[in-house]
Ligand SMILES: C[S@@+](CC[C@H](N)C(=O)[O-])C[C@H]1O[C@@H](n2cnc3c(N)ncnc32)[C@H](O)[C@@H]1O
C-alpha cells in the first residue's frame, strides 16, 4: 500500500499490519505486530494492569515515542477494567505517523473504538475520557524528547510508575539512546515511586547506559525475532532477571559496549572508567544480585559475595 506520507503500511510474516518509516527503513513492532508486541513487551511483562490495581491513586505512564500509538492504545485497551485513574503522558517529535496510522486504522486494527479519542488528542494535545471503568487523562508533548528532558517543562510532569521506551533503533535514532538521555530520565524519577521501563533493544551499549544512569537492568522477554529485550527499573524487585557478573564479563569483551555520548552511532569497547563505574553499581554488589537471582533463576556466575 503506498502513501503520500513518509510512512506506509506493511504486512508482517504473521499476517498482521504495521507502520513502516521510509526515511528510517524501519517498521514499528516488526516481530509480533503492533497489538501483540505492545501487549507482550510493554503491558504484560511489566505487569502494568496488576500494578495499576495494586496502587492507591493515579498511575502514571510515560509513552516515549508515541509513533502510531500502538503501545498507548494497547495499554488503554488492557486497562479498561481498572478503577484507578490513569495518566498517560506521550512524547513525540512528529505527529505524522499518528495521523497516517489513524487514516489507515482499518488495516491496522488496533484503533478500534479509540478513533475519536485520538482525534481529540491530535487536535487539543490533551484528552480526558472514561475508558471502561477507568478515568484517563492522556496528554501529548510534541518536541524533541532529549531537549524536553533538559527543559523546565520536564520538572512539571507527573512522575512515572512505568515508562514505555520505544524510539527507532540505536543505529537509526542515536539521539534517543545516548547515555545523557537515560541519566536525565533517571534523575526525573521519584525515588519513592517504583518505576519500570521495558524496551525492545538488548544492546550492551544501551544496558551500560542504563546502569550508568542509575537503573537496575535485566534481560527482558523474547519477542518475535528478538530472543531477548531489556527491562530497567529504579527498584531491583521490578527487574525479574537482573544482569549478573557473567553479563558484566561479556560486556568487558564486547566490541560494542561503550554507551553513545553523542547523537552519532558508533561501536566501541568499554572505556576503563566506564567499567569501573559499572563495577560500583549496587546491582553488581553480591548481596543484591544474589537475593534476586535466588528468587528467580539460578545464576550462571555467582557474584563474589554469594
Ligand atoms: C518505533 S516508533 C514508535 C512506535 C510507537 N511506540 C507505537 O506503538 O506505535 C519511534 C517513534 O519515536 C519517535 N522519535 C524519534 N526520535 C524522537 C525524538 N528525538 N523525540 C521524540 N520522539 C522521537 C519517532 O518519531 C517515532 O514515531
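Points to keep in mind about this one:
- Unmet criterion (only one of (1) in contact with a strand residue (DSSP E or B) (Cβ under 7 Å, 6 or more places away or on another chain); (2) under 24 Å from residue 38 (Cα atoms); (3) more than 10 Å from the ligand (Cβ to nearest atom)) for residue 171: (1)
- Segment 177-199, residues that are within 11 Å of the ligand (Cβ to nearest atom) and over 27 Å from residue 58 (Cβ atoms): 177, 178
- For segment 82-123, a tally of residues being at positive phi and in contact with a strand residue (DSSP E or B) (Cβ under 9 Å, 6 or more places away or on another chain) returns 1.
- Whichever residue in segment 54-76 is in contact with a strand residue (DSSP E or B) (Cβ under 9 Å, 6 or more places away or on another chain) and part of a loop (DSSP other than H, G, I, E, B) and, among such residues, is farthest from the ligand (Cβ to nearest atom): 58
- Counting the residues of segment 32-53 that are within 12 Å of the ligand (Cβ to nearest atom) and surrounded by 24 or more Cβ atoms within 10 Å (Cβ to Cβ) gives 6.
- The residue list 196, 208 contains one member that is modelled with pLDDT of 95 or more, under 25 Å from residue 29 (Cβ atoms) and under 20 Å from the mean Cα position of the chain (by Cα), which is 196.
- Counting only strands (runs of 3 or more DSSP E) wholly contained in segment 111-192, the ones carrying 3 or more residues that are at pLDDT 95 or above and more than 16 Å from the chain's Cα centre (by Cα) occupy 126-131, 134-142.
- Scanning segment 83-106 for residues that are part of a helix (DSSP H, G or I) and within 13 Å of the ligand (Cβ to nearest atom) returns 96, 97, 98, 99, 100, 101, 102, 105.
- Helices (runs of 4 or more DSSP H) lying entirely in segment 204-292 (those with 2 or more residues that are touching a helix residue (DSSP H, G or I) at 6+ places or on another chain (Cβ under 8 Å), touching a residue at least 12 places away in the same chain (Cβ under 8 Å) and under 26 Å from residue 33 (Cα atoms)): 204-213
The values are calculated or read from the model by the stated rules, or taken from the named source; none is laboratory data. Here the structure is a predicted model, which means the values were calculated and not measured. With ideal geometry, Cβ positions are generated from the backbone for all residues, glycine too; neighbour counts draw on all protein chains shown.
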